[in-house]
Amino acid sequence: MKAVFVRGPGDLAVMERDPPSPGPGEALVRIVAAGICASDVGVIEGFNPIAVYPLTPGHECVGVVEAAPDDAPVRRGDRVTVYPSVGCGACPACLAGRYNHCPTFKVIGISRDGGIFAERVVVPVAQLLPVPAGLGELESALIEPTAVAVHVNRRAAAAPGGRVVVIGTGVIGTLVAQVARAYDAADIVVVDRLESRRAFLAGLGFDRFVRANDGPLGQGIRRHLEAADVVFDCVCANATLDAALDLLTPGGKLVMVASPHGEHRLELPFAKVYRRELSLIASRNYVPDDFREAMRLMAEGRVEVGPLITGVWPLAEFAAAYADLKAYPDRHLKVLLRP
Ligand SMILES: [Zn+2]
Ligand SMILES: [Zn+2]
């Protein structure tokens, strides 16, 4: 079967790999659609700190079960998505269902081989979640990034009616804004350095757009909003951190959504945090219930993922799809592969 194979940083090919055969407690899944994520770019380019090589990357998908053990909660023909964080199953975090806190968790397609850029994958049945029939075939490949946005919003636990700023509106930021709106944020300002996002976000109903490189960031945002209750920083650079901390109202929350690369250090203006008693909240990955919530929000039409799909390529043309995604960041959000 065809599968993407990364031998090491920068060394990528679509090749024939032996079709996997499921062991005890595992299912065989035929991939229907798979999305390229920023963390896959990190794996392919070699700056994802948890990546292992060689491997088949990919962790965002929808597929159909082709074989599963008799006692599995899914059966042949079921449409499923993959919860890609595999916990040890025995530590206090795993026993509490918080696999993202497991000290040894592995992410399928990043820190564990067997990623979903392949025609078929073998996945432990415990990692599979059924996808409701109402969700579109391609859209279902975006359940995973929507679950990230759900987790981010649950971490914020914002009160309804809040004033929200989202800095950085790639796939995750765009979904974070949509989930915040679904959770009754009153005012949402969206920030990006790409001018092309202005019209795109307006199409999703977010018409308060600030271009990040048009003068000081805080001033631009203040034209729309006096202060913010929650800032979702999907960039996490010193400049965005500064602007976010300036904007937050006393008791406000900064949610750090970006994932760090290497020794990513941020300078904290401690006095600003102290005087207004601000909360700094990190968000990492998700738990399985975030996937169920993501599917609910998508099925109810409260999160629209269709407009985020900017390209669909055959799996065999992965290299071309990847090159296009890298060459035109202003044009692309989510690029999908179809085996
Ligand atoms: Zn992802
Ligand atoms: Zn564990």
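The values are calculated or read from the model by the stated rules, or taken from the named source; none is laboratory data. For clarity, every value in this text was computed on a predicted model and none was experimentally measured. All Cβ positions, even for glycine, are placed from backbone atoms using ideal geometry, and neighbour counts span all protein chains on display.
On the given criteria, is VAL86 within 23 Å of MET295 (Cα to Cα) and within 16 Å of ligand 1 (Cβ to nearest atom)? Yes; evaluated as a whole, the condition is true for this residue.
Here is a yes/no grid of residues against (1) within 16 Å of ligand 1 (Cβ to nearest atom); (2) part of a loop (DSSP other than H, G, I, E, B); (3) within 25 Å of LEU142 (Cα to Cα):
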site	(1), (2), (3)
VAL64	no, no, yes
ASP71	no, yes, no
ARG75	no, yes, yes
VAL80	no, no, yes
ALA90	no, yes, no
ALA93	no, no, no
ASN100	yes, no, yes
THR104	no, yes, no
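Can we say VAL166 is in the same structural domain as LEU241 (by TED's automatic domain parsing), under 18 Å from the mean Cα position of the chain (by Cα) and more than 16 Å from ligand 2 (Cβ to nearest atom)? Criteria met by VAL166. What number of residues within segment 194-215 are out of contact with any helix residue (DSSP H, G or I) (no Cβ under 8 Å at 6 or more places or on another chain), surrounded by fewer than 15 Cβ atoms within 10 Å (Cβ to Cβ) and under 28 Å from LEU278 (Cα atoms)? Counting residues in segment 194-215 that are out of contact with any helix residue (DSSP H, G or I) (no Cβ under 8 Å at 6 or more places or on another chain), surrounded by fewer than 15 Cβ atoms within 10 Å (Cβ to Cβ) and under 28 Å from LEU278 (Cα atoms) gives 2.
Would you say ILE31 is closer than 20 Å to PHE318 by Cα, part of a helix (DSSP H, G or I) and at pLDDT 95 or above? In short, no. Of the numbered criteria (1) away from ligand 1 (no atom under 16 Å from the Cβ); (2) surrounded by fewer than 15 Cβ atoms within 10 Å (Cβ to Cβ); (3) assigned to a loop (DSSP other than H, G, I, E, B), the one ALA13 fails is (3).
So in segment 138-152, with the set limited to residues that are hydrophobic (A, V, I, L, M, F, W, C) and over 8 Å from the mean Cα position of the chain (by Cα), which one is farthest from ligand 1 (Cβ to nearest atom)?
Out of the qualifying residues, it is LEU138.
For segment 34-63, the candidate set comprises residues that are more than 16 Å from the chain's Cα centre (by Cα) and small (Gly, Ala, Ser); within that set, the residue that is farthest from VAL123 (Cα to Cα) is GLY46.
Any residue at all in segment 209-224 that is more than 16 Å from ligand 1 (Cβ to nearest atom), within 27 Å of GLU300 (Cβ to Cβ) and not in a strand (DSSP E or B)? Even if it seems obvious, please write down each step before you answer.
The initial filter retains those residues of segment 209-224 that are more than 16 Å from ligand 1 (Cβ to nearest atom), namely 209-224.
Next cut, within 27 Å of GLU300 (Cβ to Cβ) only: 209.
Cutting the leftovers down to not in a strand (DSSP E or B) gives us none.
No: zero hits.
Condition (residue is crowded, with 19+ Cβ neighbours inside 10 Å and away from ligand 2 (no atom under 16 Å from the Cβ)) applied to segment 96-110: is it met by at least one residue? Within segment 96-110, one or more residues are crowded, with 19+ Cβ neighbours inside 10 Å and away from ligand 2 (no atom under 16 Å from the Cβ). Highlighted here are the helices (runs of 4 or more DSSP H) found entirely within segment 246-339 that include at least 3 residues which are under 20 Å from the mean Cα position of the chain (by Cα): 288-299, 318-327.
Beta carbons closer than 6 Å, at least 6 apart along the sequence or on distinct chains, pair a first residue in segment 86-103 that is of a type in the set (Phe, Trp, Tyr) with a second that is more than 6 Å from ligand 2 (Cβ to nearest atom) for TYR99/SER85; TYR99/PHE105. Looking only at residues in segment 34-60 that are assigned to a strand (DSSP E or B) and more than 10 Å from ligand 1 (Cβ to nearest atom), the one that is farthest from PHE105 (Cα to Cα) is ALA34.
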